1. Restricting to segment 1-23, and then to whatever is in a loop (DSSP other than H, G, I, E, B) and touching a Lys or Arg at 6+ places or on another chain (Cβ under 9 Å), can you tell me which residue is most open to solvent (accessible area, probe 1.4 Å)?
2. Being modelled with pLDDT under 95 and either of a type outside the set (S, T, N, Q) or over 20 Å from Thr80 (Cβ atoms) (or both) is true for just one of Arg59, Arg22, Arg26. Which residue is that?
3. Inspect segment 29-37 for any residue being aliphatic (A, V, I, L, M), in a loop (DSSP other than H, G, I, E, B) and surrounded by fewer than 18 Cβ atoms within 10 Å (Cβ to Cβ) and give the result as yes or no.
4. How many of the residues making up segment 118-139 are within 20 Å of the chain's Cα centre (by Cα) and open to solvent by 50 Å² or more (accessible area, probe 1.4 Å)?
5. Mind telling me which of the residues Thr42, Thr69 ends up being without any contact (Cβ under 8 Å) to a residue 24 or more places away in the chain, exposed (fewer than 15 other Cβ atoms within 10 Å of the Cβ) and of a type in the set (S, T, N, Q)?
Amino acid sequence: MGNLSITYVDISSIKPYARNARNHPRKQVNLIAAAMQEFGFTNPIITDENGEIIAGHGRLQAAKQLGLTTIPTVQIGHLTRTQKRALRLADNRLAEKAGWDLEILAVELQDLQADGFEVELTGFETPYIDVILDAAANK
């Protein structure tokens with residue numbers, strides 16, 4: 001394993017992977033763009049040595065939507081073609097395997113609301129937030 005470094009590149013130099021199995025509906029891209037506006041571009045796009053995306057297709061779409069001209073990337077050049085293909089799947093699928101501690105989630109959402117933060121920027125939709133907060137209030 002080598003050291004990773006972030007490099008800012010021209011957005012036009014990034015190439016989406018033609019067989020990307022993950023789709024990014026407009027609603028999700030809008031949420032990513034809103035998060036980028038609020039927090040900044042905090043999660044670089046991972047590319048290979050040719051500028052082809054390994055992870056970050058949704059972030060690229062959001063960056064384009066925001067009119068960004070340069071974006072942060074991390075280039076990974078040590079993987080084989082097969083490993084890159086596998087990482088594209090694993091990067092998305094492994095994140096889906098995580099769960100939520102609903103009690104802690106409720107506390108975090110309550111605190112964010114108390115601070116006047118627009119909690120929908122976390123990616124949670126209002127009806128789900130309401131369910132979580134109602135469940136916490138009824139314990």
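1. First, the residues of segment 1-23 that are in a loop (DSSP other than H, G, I, E, B): 1-5, 14, 16-23.
From what is left, the residues that are touching a Lys or Arg at 6+ places or on another chain (Cβ under 9 Å) are 17, 19-22.
Values: Tyr17: 42, Arg19: 158, Asn20: 45, Ala21: 80, Arg22: 91 Å².
The extreme case among them is Arg19.
2. Details: Arg59 fails: modelled with pLDDT under 95; Arg26 fails: modelled with pLDDT under 95.
The conditions single out Arg22.
3. From segment 29-37, those aliphatic (A, V, I, L, M) are 29, 31-36; that's our starting set.
Subset that is in a loop (DSSP other than H, G, I, E, B): none.
No, segment 29-37 has no match at all.
4. First pass over segment 118-139, keeping only residues within 20 Å of the chain's Cα centre (by Cα): 118-126, 128-129.
After this cut, where a residue has to be open to solvent by 50 Å² or more (accessible area, probe 1.4 Å) as well, the list is 118, 120, 122, 125-126, 128.
Qualifying residue count for the region: 6.
5. Values: Thr69 fails: without any contact (Cβ under 8 Å) to a residue 24 or more places away in the chain.
Only one candidate qualifies: Thr42.
Listed here are the residues, each with its yes/no results for (1) out of contact with any helix residue (DSSP H, G or I) (no Cβ under 6 Å at 6 or more places or on another chain); (2) under 21 Å from Glu120 (Cα atoms); (3) acidic (Asp, Glu).
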{"site": "Gln28", "(1), (2), (3)": "yes, yes, no"}
{"site": "Ile54", "(1), (2), (3)": "no, no, no"}
{"site": "His57", "(1), (2), (3)": "yes, no, no"}
{"site": "Gln61", "(1), (2), (3)": "no, yes, no"}
{"site": "Lys64", "(1), (2), (3)": "yes, no, no"}
{"site": "Ile76", "(1), (2), (3)": "yes, no, no"}
{"site": "Thr80", "(1), (2), (3)": "yes, no, no"}
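A quick yes/no check of all residues on (1) open to solvent by 90 Å² or more (accessible area, probe 1.4 Å); (2) of a type in the set (Gly, Ala, Ser); (3) over 16 Å from Asn20 (Cβ atoms); (4) over 18 Å from the mean Cα position of the chain (by Cα):
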| residue | (1), (2), (3), (4) |
| --- | --- |
| Ala55 | no, yes, no, no |
| Leu60 | no, no, no, no |
| Lys64 | yes, no, no, no |
| Arg81 | yes, no, no, yes |
| Ala86 | no, yes, no, yes |
| Asn92 | no, no, no, no |
| Ile104 | yes, no, yes, yes |
| Leu109 | no, no, yes, yes |
| Gly116 | no, yes, yes, yes |
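Quick grid of which residues meet (1) modelled with pLDDT under 95; (2) in contact with a Phe, Trp or Tyr (Cβ under 8 Å, 6 or more places away or on another chain); (3) not small (Gly, Ala, Ser):
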| site | (1), (2), (3) |
| --- | --- |
| Ser13 | no, no, no |
| Ala34 | no, no, no |
| Ile46 | no, no, yes |
| Thr82 | no, no, yes |
| Ala90 | no, no, no |
| Leu102 | yes, no, yes |
| Asp115 | no, no, yes |
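The values are calculated or read from the model by the stated rules, or taken from the named source; none is laboratory data. Predicted model only: the values in this text are computed from it and were never measured. Cβ coordinates were reconstructed from backbone atoms using ideal geometry, including for glycine residues, and neighbour counts include every protein chain displayed. The protein model used for the area step is the full one, side chains on, heavy atoms only, and it has no ligands, DNA or RNA in it. Shrake-Rupley method; radii C 1.70, N 1.55, O 1.52, S 1.80 Å.
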